[in-house]
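See below for the structure under consideration.
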Amino acid sequence: MRSGVKRAAALAADAIVGPLAPLLVRHAASSGIPASPRVLVIRCDHLGDAAMATAVLRPLRDALRPATLDVLAGPWAAPIFEGHPAVDRVIQFTAPWWSAARGASLHTRAKNWIDLPRAIREVRSERYDVAIDLRGDLRQIVLFLALGGMPVRVSSDRTGGRRLLTHVWPHDASKHEVEKNFAIAALVGATGAPHLDIVPAAVPSDAMRALLTDGSIARRYAAFALHGSEPNRSWPAANAAAVADVLFKEHGLASVYLGAAADTTAGDEVATLARSPVINLAGRTTIAEALTLLQHAAVTIAVDSGPMHLATAVGSPVVALFGPGDRRECGPWTGTAETAGNAQVVTVGSPCGCVHRQCDYIAGPGRCMRAIGSNAVIDAVRAVLNQRERTARL
């Protein structure tokens, strides 16, 4: 965990919960995995984490041959799992600790806490045989795996909870998040080479089809997603505008800015500063529509964020900008050596030490993101575009 305070709190909570383990799981003794089990996968956190969790869905279905494989996820990430061929049902729940991380108001967080008992009852009523928490989150282990009455409880000991689990992967912070997910899934038999597995709509919506044929982007465009979930993860609009102008001049690429409604101002600023065509779609697309746009983009330029992982999953060439995040844990996961050239990471040295939300936050992104120059990003874009052209010729 990045915060020493949070780590200490987790250890203290685990010390309290540990002795209570026999009481918390007394009605859910481990009995092994039955044939055709009912399986619940838990991934309640961020959009990027949900994208990386898709790597285990088909391997779990292949290994367990479940009667049902459901996913518990936040509503912001539910579209990643809905319609996935390996998933039967998505249970949406806004965990109050994750709504807090997303900047929700105190009133909203209070409502989420009030809703928590209902969510536990719903999970418990489904009588799952196997529950897998991919984050290794003590809160989720206690509330959903233990109180949910799961006979087989699978997770890592990232924040504790070993005594509540029947299958434990010893957390290894040096692994990529995709590797961590797969290591947990492997405890119940998942095998294979992990790769992100997001299934975009086979046919774009009418709105996306109209946009993709709009003369202002002429079917060829670069996608930008440069506003991170924390201020110190964003990239300056002036730098983005400079990159957009070079891509238009050199490759005839217009630009599409993607993001949540909170990113609208950042997208407007890029569009104002750029001399080339920039369409600001922040807050104007669904997840499905964003996936379609990323899938058709000539290149995606994104900070360490959910859209970066979505773009990687749908095969867009990606240039990822890393500052405080650790690219070894959360960089774009291309899956194989053959596709490694499809992604480039630009950084001044991540993690750069600027780990707090407001680290050196003055009137724009944190210092380690401001230090990433537009020329370095342009060079990385050229590299992935050249790689794409070489691959296309093979």
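The values are calculated or read from the model by the stated rules, or taken from the named source; none is laboratory data. Quick caveat, the model's predicted, so the values are computed rather than measured. So basically every Cβ, Gly included, is an ideal-geometry build from the backbone, and we count neighbours across all protein chains shown. Surface accessibility is based on the protein's heavy atoms, side chains included, excluding ligands, DNA and RNA. Shrake-Rupley method; radii C 1.70, N 1.55, O 1.52, S 1.80 Å.
The residue that is modelled with the highest pLDDT, counting only those in the stretch 358-394 that are surrounded by 14 or more Cβ atoms within 10 Å (Cβ to Cβ) and over 26 Å from Phe248 (Cα atoms), is Cys368. Of all residues in the stretch 294-307, those being at pLDDT below 90 and open to solvent by less than 10 Å² (accessible area, probe 1.4 Å) number 0. The residue list Leu321, Leu247 contains one member that is open to solvent by less than 10 Å² (accessible area, probe 1.4 Å), of a type outside the set (Val, Ile, Thr), on the phi < 0 side of the Ramachandran plot and part of a helix (DSSP H, G or I), which is Leu247.
Within the bounds of the stretch 36-48, is there any residue that is on the phi > 0 side of the Ramachandran plot and open to solvent by 10 Å² or more (accessible area, probe 1.4 Å)? Yes.
When the residues of the stretch 308-318 are filtered to those that are touching a Phe, Trp or Tyr at 6+ places or on another chain (Cβ under 9 Å) and open to solvent by 10 Å² or more (accessible area, probe 1.4 Å), the one that is nearest to Ala55 (Cα to Cα) is Ala313.
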